[in-house]
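A quick write-up on the structure given underneath.
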Amino acid sequence: MAGVSRLQYTTDIRMIRGMCSGRVDLEFVFRAFANGMDGVFIGGCRLNECNYITHGNYDALNMVLLSKQIMAHIGLNPARLRIDFMSSGDGILFTDVVDEFTRQVRELGPLGQSDGKDKDGIQASLEDVRKLIPYIKLEKREKLASRLENEEEYDGLFSPDEIETLFSDVVSYYIDPGKCQACMICFRKCPVEAIIGGKNRIHVIDQDICIKCGTCYDVCPPKFGAVREISGEPVPALIAEEQRIIVRKRRKGVAVKK
């Protein structure tokens, strides 16, 4: 048994059933809040009672523990997110847990009311988090895949200082226009098509699309070294469209960038 409930302040409950709780992604949680949900409830099978070898409920638990720390970091009450484990035969327990969570969300009020943030501020913070979710999952993939056997371990998996560092040290990638040879390797390898370029056109990275995966950095030929890692400072502005054209001259039968 697994499912996700999204509770509005009106106590309207919508369920997504028939999926492993391990498939509930960070994006699902923060998208629900961005869409105006005041609380998110995730129900999964009892730990160590998974019907499959994946034990995805541990993945869901780790994801929730990380989400709660991120929520606290951006000023949202972590109590708005809850995960519980039970079997498909625990109908009464499920009802009691959801009723209890509904009451808790009602007491907290609409999103932001008890969190001390206005609607625009909440939306801005949630969108900032959503943009970084692929990066967060890459950075925390080892902890997200861990199995916590004892409940005492929950509080120590992710710390506030760790989350602060995670957001303050975000790495961005920038293509140095003076070094780019328009070889199109990074252009073809980018998994989200965040690189703008073409034949004889200096490549640039759309920072709004980039997921900080570092693929461009890894595949850029060392002899060019055009892709830079940037942390703790702003990414340089994109060069103008007309400055991206590479004019090549021929020298002894070889095309050379001017």
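The values are calculated or read from the model by the stated rules, or taken from the named source; none is laboratory data. Source: prediction; values computed, not measured. Here Cβ is always computed from backbone atoms with ideal geometry, including for glycine, and neighbour counts include all displayed protein chains.
Annotations for the structure displayed:
- Filter result for Ala72 (in contact (Cβ under 8 Å) with a residue 24 or more places away in the chain, part of a helix (DSSP H, G or I) and in contact with a Gly (Cβ under 6 Å, 6 or more places away or on another chain)): no
- Filtered by the rule that a residue be more than 21 Å from the chain's Cα centre (by Cα) and assigned to a loop (DSSP other than H, G, I, E, B), region 234-246 gives Pro236, Ala237, Leu238, Ile239, Ala240, Arg244, Ile246.
- Residues satisfying the stated conditions in region 171-192, i.e. surrounded by fewer than 16 Cβ atoms within 10 Å (Cβ to Cβ) and touching a residue at least 60 places away in the same chain (Cβ under 8 Å): Val171
- Of all residues in region 18-48, those satisfying the criterion of being surrounded by 21 or more Cβ atoms within 10 Å (Cβ to Cβ), of a type in the set (Gly, Ala, Ser) and not in a helix (DSSP H, G or I) are Gly39, Gly43, Gly44.
- For region 81-89, the criterion of a residue being in contact with a Phe, Trp or Tyr (Cβ under 7 Å, 6 or more places away or on another chain), buried (at least 20 other Cβ atoms within 10 Å of the Cβ) and assigned by TED's automatic domain parsing to the domain that holds Ser159 is satisfied by at least one position.
- Checklist (1) more than 30 Å from Ala240 (Cβ to Cβ); (2) under 15 Å from the mean Cα position of the chain (by Cα) applied to Val171, failing item: (1)
- Any hit, region 173-186, residues being part of a strand (DSSP E or B), of a type in the set (Ser, Thr, Tyr) and more than 30 Å from Phe85 (Cα to Cα): yes
- Region 193-214, residues that are part of a loop (DSSP other than H, G, I, E, B) and free of Cβ contacts under 8 Å to residues at least 24 places away in the same chain: Glu193, Ala194, Lys199, Asp206, Ile209
- Among the residues of region 175-189, none qualifies, meaning not one is within 22 Å of Val129 (Cβ to Cβ) and in contact with a strand residue (DSSP E or B) (Cβ under 8 Å, 6 or more places away or on another chain).
- Those helices (runs of 4 or more DSSP H) lying entirely in region 76-164 with at least 1 residues closer than 15 Å to Phe41 by Cβ: 91-108
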